[in-house]
Amino acid sequence: MARENPHFLAHCDGDAVAVAVCDVEPGDAVVGYLDGTPTSAVTVASNIPLGHKVALQDISSGDQVIEYTLPIGTASTDITQGDYVHTHNVRSARWQNSVA
């Protein structure tokens, strides 16, 4: 059986988001892990462009968003597994102290 190429890549198991390695349409998608964790599946809710992120788990408003095992931002609204994750629902950790 041929291995299916992933639609998204995450750095390690436990990351809350993964990055699209191609344009992804709504539906079932494969997530690959750079740390060797077996692939997993996520059901994508909307179009996600190449290089953008998908939520691998539910994230509550105010919670940290974890990628590379580190917080990359804070959810500005509730995010559901499979949602498109971007500036409309996450405030970047890099700009946490800037004026909104």
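The values are calculated or read from the model by the stated rules, or taken from the named source; none is laboratory data. Values in this document were obtained by computation on a predicted structure and should not be read as measured data. Glycine also receives a Cβ, built like all others from the backbone with ideal geometry; neighbour counts cover every protein chain displayed. Surface areas here come from the heavy atoms of the whole protein model, side chains and all, with no ligands, DNA or RNA. Shrake-Rupley method; radii C 1.70, N 1.55, O 1.52, S 1.80 Å.
Numerical summary
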quantity	calculated
Filtered residues of segment 25-48 (kept if aliphatic (A, V, I, L, M) and either touching a Cys at 6+ places or on another chain (Cβ under 9 Å) or under 16 Å from Thr80 (Cβ atoms) (or both))	Ala29, Val31, Leu34, Ala41, Val42, Val44, Ala45, Ile48
Some residue of segment 88-97 being in contact with an Asp or Glu (Cβ under 8 Å, 6 or more places away or on another chain) and at pLDDT below 95	no
Residues (among the aliphatic types (A, V, I, L, M) and either part of a loop (DSSP other than H, G, I, E, B) or more than 14 Å from Leu9 (Cα to Cα) (or both)) located in segment 45-64	Ala45, Leu50, Leu56, Ile59
Residue match in segment 65-86 (condition: in contact (Cβ under 8 Å) with a residue 24 or more places away in the chain, open to solvent by 60 Å² or more (accessible area, probe 1.4 Å), assigned to a strand (DSSP E or B) and not hydrophobic (A, V, I, L, M, F, W, C))	no
All strands (runs of 3 or more DSSP E) inside segment 1-42 with 2 or more residues being open to solvent by less than 60 Å² (accessible area, probe 1.4 Å) and either of a type in the set (Phe, Trp, Tyr) or touching a Lys or Arg at 6+ places or on another chain (Cβ under 8 Å) (or both)	17-20
